[in-house]
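Peer 1: What follows is a single structure, and I will ask about it in a moment.
The values are calculated or read from the model by the stated rules, or taken from the named source; none is laboratory data. Only a predicted model underlies this, so the values are computations on that prediction, with no experimental measurement involved. Because the Cβ atoms are built from the backbone with ideal geometry, glycine has one as well, and the counts that use them run over all protein chains shown.
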Amino acid sequence: MRLYLVPSPIGNLGDITYRAVDILQKADVILCEDTRSSLVLLKHYQIQGPVSPYHQHNEHKVLPHLIDQLRDGKTFALLTDAGTPGISDPGFLLVRECIRHNIPVECLPGATAFVPALVQSGIPSNRFVFEGFLPIKKGRQTMLKLLATEERTIILYESPHRLVKTLHELVTFFGADRQAAVCRELTKIFEETNKNTVALLAAHYEKKPTQG
């Protein structure tokens, strides 16, 4: 009876620990945010355990059933598309419910996108705040106004098609000369870290839209 949170590679399939592979091989059930993405990883490491979908659209519905199985002695491994479960990915609700029912939870160390992005950005990393994705509509401007007063390095996640819009908003709320870094395709062939002012970054990605 145990829930393992297993970080998955954010791009390069080699970025997984021996222990993570061992846990995935031994788990009774592997919970996957996207079974199609996870099966690529599992096939690569010849892991054939049963998989079951667990994502933001079904996590509330399947939660009681999962807890019942765990209490019956099952061992689950939770695997998200990329990175560590619970970091801008499903996982928190299941962990909280496991703790409430005295079910052991163990998070393995491993990949998460914001750590390498921060460290290689050249922006101070001794003090930082991770905000994940900004609200898409409601509360977005309120959050940006709040973050404009933040003195620590701020880490945000953003999708490619909203990147330019977000950079322009950072110009408005943080000032054109605010130093920033855009990190994309981490650990992949076309990995890129582009550091400059937010104004110049916005201009760059307007002319050269990014994918990934």
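Peer 1: Cβ-Cβ under 6 Å, sequence separation 6+ or interchain: first residue in segment 56-72 and among the hydrophobic types (A, V, I, L, M, F, W, C), partner not in a helix (DSSP H, G or I). Which pairs?
Peer 2: I67/H101; L70/M1; L70/I103
Peer 1: Let me ask something additional. Which residue pairs have Cβ atoms closer than 6 Å, lie 6 or more positions apart in sequence or on different chains, and pair a first residue in segment 81-108 that is free of Cβ contacts under 8 Å to residues at least 12 places away in the same chain and over 16 Å from T17 (Cα atoms) with a second residue that is surrounded by 12 or more Cβ atoms within 10 Å (Cβ to Cβ) and of a type outside the set (K, R)?
Peer 2: Going by the 6 Å Cβ cut-off, the qualifying pairs are F92/G86.
Peer 1: Determine, yes or no, whether L118 is among the hydrophobic types (A, V, I, L, M, F, W, C), touching a Ser or Thr at 6+ places or on another chain (Cβ under 8 Å) and over 21 Å from T197 (Cα atoms). Don't jump to the end; show me each part of the working.
Peer 2: Numbers: among the hydrophobic types (A, V, I, L, M, F, W, C): yes; touching a Ser or Thr at 6+ places or on another chain (Cβ under 8 Å): yes; over 21 Å from T197 (Cα atoms): no.
Considered against the rule, which asks whether it is among the hydrophobic types (A, V, I, L, M, F, W, C), touching a Ser or Thr at 6+ places or on another chain (Cβ under 8 Å) and over 21 Å from T197 (Cα atoms), L118 comes out as no.
Peer 1: What are the residues in segment 112-160 that are part of a strand (DSSP E or B) and not hydrophobic (A, V, I, L, M, F, W, C), if any?
Peer 2: We begin by selecting, within segment 112-160, every residue part of a strand (DSSP E or B); these are 128-133, 153-157.
E131, G132, T153, Y157 - these are the residues of segment 112-160 that are part of a strand (DSSP E or B) and not hydrophobic (A, V, I, L, M, F, W, C).
Peer 1: Which residue pairs have Cβ atoms closer than 6 Å, lie 6 or more positions apart in sequence or on different chains, and pair a first residue in segment 161-189 that is under 13 Å from H204 (Cβ atoms) with a second residue that is in a loop (DSSP other than H, G, I, E, B) and small (G, A, S)?
Peer 2: Pairs found: R184/G212.
Peer 1: Taking segment 101-116 only, how many residues are farther than 23 Å from S38 by Cα and within 12 Å of the chain's Cα centre (by Cα)? Even if it seems obvious, please write down each step before you answer.
Peer 2: Let us first name the residues in segment 101-116 that are farther than 23 Å from S38 by Cα, namely 101-104.
In the following step, the residues that additionally are within 12 Å of the chain's Cα centre (by Cα) were identified as none.
So the count comes out to 0.
Peer 1: Please enumerate the residues belonging to segment 125-145 that are of a type outside the set (S, T, Y), surrounded by 11 or more Cβ atoms within 10 Å (Cβ to Cβ) and under 21 Å from I87 (Cβ atoms).
Peer 2: Across segment 125-145, the qualifying residues are F128, V129, F130, E131, G132, F133, L134, P135, G139, R140, M143.
Peer 1: Right, here's the next one. Scan E169, E106, E151 and give me the residue that is surrounded by 16 or more Cβ atoms within 10 Å (Cβ to Cβ) and of a type in the set (D, E).
Peer 2: E169
Peer 1: Further question on the same structure: Quick one: in segment 75-100, which of the residues that are surrounded by 16 or more Cβ atoms within 10 Å (Cβ to Cβ) and more than 17 Å from the chain's Cα centre (by Cα) is nearest to L5 (Cα to Cα)?
Peer 2: Of everything passing the filter in segment 75-100, F76 is nearest to L5 (Cα to Cα).
Peer 1: Taking the options I67, I23, I16, name whichever one is part of a helix (DSSP H, G or I), at pLDDT 95 or above and within 18 Å of P109 (Cβ to Cβ). Please lay out each step first, then the result.
Peer 2: Values: I67 fails: within 18 Å of P109 (Cβ to Cβ); I16 fails: part of a helix (DSSP H, G or I).
Matching residue, one of I67, I23, I16: I23.
Peer 1: Give segment 101-110 a look and list any residue that's over 12 Å from L5 (Cα atoms) and of a type outside the set (A, V, I, L, M), or say none.
Peer 2: Scanning segment 101-110 gives H101, N102.
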